[in-house]
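Here the structure is laid out as structure tokens; the discussion comes afterwards.
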Amino acid sequence: MTEPNKTISVTFVNDVEKADIWILPQTEENRKTSLWGTATISKLDSGDKRTVEISSFDEGKYIVRIIDSDHAFYSADDMILGDNCTIHFKSDETKYESSIVVLDKDGKILYSKEAFQGVFGAY
């Protein structure tokens, strides 16, 4: 992976449970570890959103890892992010089906995928 060439602004909208969110460059190392460092966004309540600055890479692909207050783990790979995009984290009422949807600054869908779900160990 090359070095970051700039930062981009990304807004994360949480429509599930209070959660910690990691938005990371998609590297083999990041895909194979559960030690992601400090959360990109900490303790984001359900119904809230937060805008953060993240490093931008030429490859443009990212992974998102989410651990909610019920210790549920969610992940998605191959996300394409651009400046001023919005990431929506959604779930049905049962929390058995959740998705990650990325919209560009004009509201066009850049990425939409059902999130992998699991239970994370002691959190």
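Since every read-out is calculated from the coordinates, none of them should be taken as a lab result. What you see is a predicted model; the values in this text were computed from it and never measured. Neighbour counts are summed over all protein chains in view; Cβ atoms, including those assigned to glycine, are modelled from backbone coordinates with ideal geometry.
Holding the Cα-Cα limit at 19 Å, pick out from Lys18/Lys105; Lys61/Lys113; Lys18/Lys108; Lys90/Lys113; Lys6/Lys105; Lys6/Lys90 the pairs that are longer than that.
Beyond 19 Å: Lys18/Lys105; Lys18/Lys108; Lys6/Lys90.
When only Cα pairs under 8 Å and 6 or more residues apart are kept, what is the percent relative contact order across the chain?
So the answer I get is 28 percent.
Given points 7 Å out from each Cα along the Cα-Cβ axis, report the Trp36 to Asp83 separation in nanometres with one decimal.
About 2.5 nm separates the two model spin labels.
What number comes out for the charge environment of Leu35, summing +1 per Lys or Arg and -1 per Asp or Glu over other residues with Cβ under 15 Å away?
Charge balance in the 15 Å sphere: 0.
For the chain, give me the percentage of DSSP beta bridges that are antiparallel, rounded to the nearest 5 percent.
If I count the DSSP bridges inside the chain, around 90 percent turn out antiparallel.
Just going by the charge dipole of segment 11-123, with Lys and Arg at +1 and Asp and Glu at -1 on Cβ, which of Gly60, Ile23, Leu110 is farthest out on the positive end?
Ile23
Please give, to one decimal in nm, the separation of the simple spin-label points placed at Thr11 and Asp104, each 7 Å out from Cα toward the Cβ.
So the label points at Thr11 and Asp104 sit 1.7 nm apart.
Please check: in the Gaussian network model of the chain (C-alpha springs, under 10 Å), which one of Gly60, Gly37, Gly107 has the largest mean-square fluctuation.
Of the options given, Gly37 has the highest mean-square fluctuation.
How large is the Kirkwood hydrodynamic radius of the chain, in angstrom, based on all distinct alpha carbon pairs?
Hydrodynamic radius (Kirkwood, Cα only) of the chain equals 14.5 Å.
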